[in-house]
Amino acid sequence: MRDHFEIRDHDAAGRIGELTVPRAGVTVETPALLPVINPNIETIDPSRLRSEFGADMLITNSYIIRTTEDVRERALEDGLHDMLGFDGAIMTDSGSFQLAEYGEIDTTTTEILEFQRDIGSDVGTPVDIPTPPDASREQAASDLDVTRQALADAEAVDVGDMLVNAPVQGSTYPDLREQAGREAAATDLDVFPVGAVVPMMNSYRYDDMVDAVAAAKRGLAEDCPVHLFGAGHPMMFALAVALGCDLFDSAAYALMARDGRYLTVSGTEQLEDLDYLPCSCPICHEYTPDELRAVDADEQEALLAEHNLHVTFEELRRVKQAIRDGDLLELVEKRARGHPAMADGYRALLDHADQLERIDSASKGTFFGLSHESARRPEVRRHHDRLARLSVPDSLLCTEYGTPSEHDYDEVWRVVPPFGPFPRALSETYPLTAEVPDRTDAAAERAAAEGIRALVEANPGTEVTLAHEGWDADALGAVPESVTLENLHADADRADADTHAGGDADSPEADADEPAESRSESE
Ligand code: GUN
Ligand code: ZN
């Protein structure tokens with residue numbers, strides 16, 4: 001049991017947690033964003049980070065500090081906190097990133113961890129090997145051997161009460177990522193960064209990022225705090241948090257500002273292109289785009305960096321509130337609409353719906369069906385699993401419309417795409433309190449058909465009739481042959497149209513607040 005990380009709230013695989021950093025005497029609420037501070041380039045005064053932005057933790061690079069003589073001497077003499085003027089928690093990286101960029105560094109895990117300890121770091125990092133995406137399997141596996149040894153070396157260092165990172169590598173090989181996660185969790189190290197995802201994010205491969213994180217999470221234990229190394233663009237926070245990432249670090253706010261770029265929750269804009277500022281942070285409140293363009297380059301960089309940090313922290317607060325409200329997946333879905341690469345990320349997340357489903361809390365806010373992708377959410381899968389456990393009579397009508405006034409069925413259940421059938425008694429329970437569009441799409445109908453299938457397969461002795469409102473042929477094809485179909489759409493031109501709807505349309509259940517009711521009475 002890791003006693004420095006406690007989970008307070010859950011949604012999908014995302015969580016609000018508390019990371020206790022003993023050496024700093026600070027408890028950091030997660031998800032947290034650690035601004036990257038380059039000790040040689042001050043884009044923002046670190047002493048402002050806590051009071052103005054709410055950052056309880058930052059990250060800086062001990063390898064750069066150690067190789068810059070005057071900075072090294074000051075760090076050793078005054079300690080990192082005094083040197084930077086920051087009284088929150090400080091994480092230090094090891095130089096692995098330099099290793100990946102330049103191929104060589106002149107330090108070892110033991111040496112750099114002792115140095116991190118000596119300059120007063122609160123969370124140190126060994127020298128892991130960030131294997132890039134698409135490396136050969138041999139390369140990824142042999143790099144992992146080196147990283148495994150680095151973790152073992154780290155365990156042997158007397159670090160006092162400094163926490164230590166156990167990076168999880170494995171390139172684009174899910175089985176290696178999972179194994180690396182399992183081995184990292186078995187060490188007595190403390191925080192678990194998923195590494196080498198920066199090249200994926202730089203090339204907008206959010207689906208590969210999702211697969212790498214999902215694989216690492218399968219190996220890690222639930223109580224492991226997980227850091228997504230080098231991830232700092234606000235548009236991907238909701239997605240990464242939904243996968244179970246707890247810590248992020250952003251150099252993006254500063255790097256983008258240097259290039260005149262303005263971050264938003266759905267992407268990156270060039271200041272050059274903006275006629276309006278879609279943000280109300282202190283900078284955007286005070287300046288017009290023309291005024292921002294008119295200041296000198298250094299000041300413009302500083303102002304853009306401040307805006308970038310403000311939107312970044314704002315999105316993190318929004319993500320946390322979404323976890324509290326139980327609508328994190330709705331936020332992920334909204335962000336997925338902001339950029340095609342994020343849509344790929346969301347689709348990859350839904351490929352792991354069963355993995356999320358195991359962790360997701362069974363009851364939360366109202367499920368909003370927002371797109372055809374909502375049909376693949378873990379809540380739909382869970383409902384289908386639950387269907388197999390419900391008791392079912394000998395003859396059952398499953399209908400998208402109200403209960404017919406007269407019928408010979410033993411029971412009548414509702415059918416709501418994308419969930420499928422359920423007894424009325426469950427209609428007040430999550431997720432069946434869902435709000436779904438009136439204009440059902442083929443993917444939702446298809447998912448509902450799979451719900452019917454799950455019910456029939458678990459109850460082969462029951463005679464099931466499905467009264468649907470003109471479902472898509474693909475959805476109807478997924479309904480088992482044994483089910484009697486009735487088309488409620490009184491389309492005269494439909495061969496299978498039936499009088500059921502005609503007879504019933506005048507007397508539907510006039511239950512105004514019936515959950516998930518998606519048809520008007522006049523229909
Ligand atoms: N910063 C961004 N990615 C990485 C990584 O994989 N390892 C380390 N140590 N630092 C990083
Ligand atoms: Zn702003």
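Where helices (runs of 4 or more DSSP H) fall entirely within segment 24-133, those with at least 1 residues that are surrounded by fewer than 18 Cβ atoms within 10 Å (Cβ to Cβ) and free of Cβ contacts under 8 Å to residues at least 12 places away in the same chain are at 69-78, 80-84, 96-102, 109-118. For segment 198-254, filtered to residues that are farther than 20 Å from V332 by Cβ and of a type in the set (A, V, I, L, M), the residue that is surrounded by the most Cβ atoms within 10 Å (Cβ to Cβ) is L220.
For R182, the conditions (1) surrounded by fewer than 21 Cβ atoms within 10 Å (Cβ to Cβ); (2) more than 19 Å from R2 (Cβ to Cβ); (3) free of Cβ contacts under 8 Å to residues at least 40 places away in the same chain all hold with the exception of (2). Filtering segment 384-403 to residues that are part of a loop (DSSP other than H, G, I, E, B), of a type outside the set (S, T, Y) and buried (at least 19 other Cβ atoms within 10 Å of the Cβ) leaves V392, E400, G402. Would you check if there is a residue in segment 459-480 being in contact with a helix residue (DSSP H, G or I) (Cβ under 8 Å, 6 or more places away or on another chain), more than 28 Å from L370 (Cα to Cα), of a type in the set (S, T, Y) and at pLDDT below 90? Among the residues of segment 459-480, not one is in contact with a helix residue (DSSP H, G or I) (Cβ under 8 Å, 6 or more places away or on another chain), more than 28 Å from L370 (Cα to Cα), of a type in the set (S, T, Y) and at pLDDT below 90, which makes the answer no. The strands (runs of 3 or more DSSP E) found wholly in segment 414-497 and carrying at least 2 residues that are open to solvent by less than 10 Å² (accessible area, probe 1.4 Å) occupy 420-422, 463-468. What about A156, is it under 28 Å from the mean Cα position of the chain (by Cα), away from ligand 1 (no atom under 16 Å from the Cβ) and open to solvent by 20 Å² or more (accessible area, probe 1.4 Å)? No; evaluated as a whole, the condition is false for this residue. Between E291, E301, the distinction of being within 32 Å of the chain's Cα centre (by Cα) and either more than 10 Å from ligand 2 (Cβ to nearest atom) or not aromatic (F, W, Y) (or both) belongs to E301 only. Taken across segment 52-61, residues that are aliphatic (A, V, I, L, M) and at pLDDT below 95 do not occur at all. Take E330 and decide whether it is of a type in the set (D, E, K, R), assigned to a helix (DSSP H, G or I) and open to solvent by less than 50 Å² (accessible area, probe 1.4 Å). In short, yes.
The values are calculated or read from the model by the stated rules, or taken from the named source; none is laboratory data. Just so it is clear, the model here is predicted, and its values are computed rather than measured. All Cβ positions, glycine included, derive from the backbone under ideal geometry; neighbour counts span all protein chains shown. Just the protein is used for accessible areas: all its heavy atoms, side chains included, with ligands, DNA and RNA removed. Shrake-Rupley method; radii C 1.70, N 1.55, O 1.52, S 1.80 Å.
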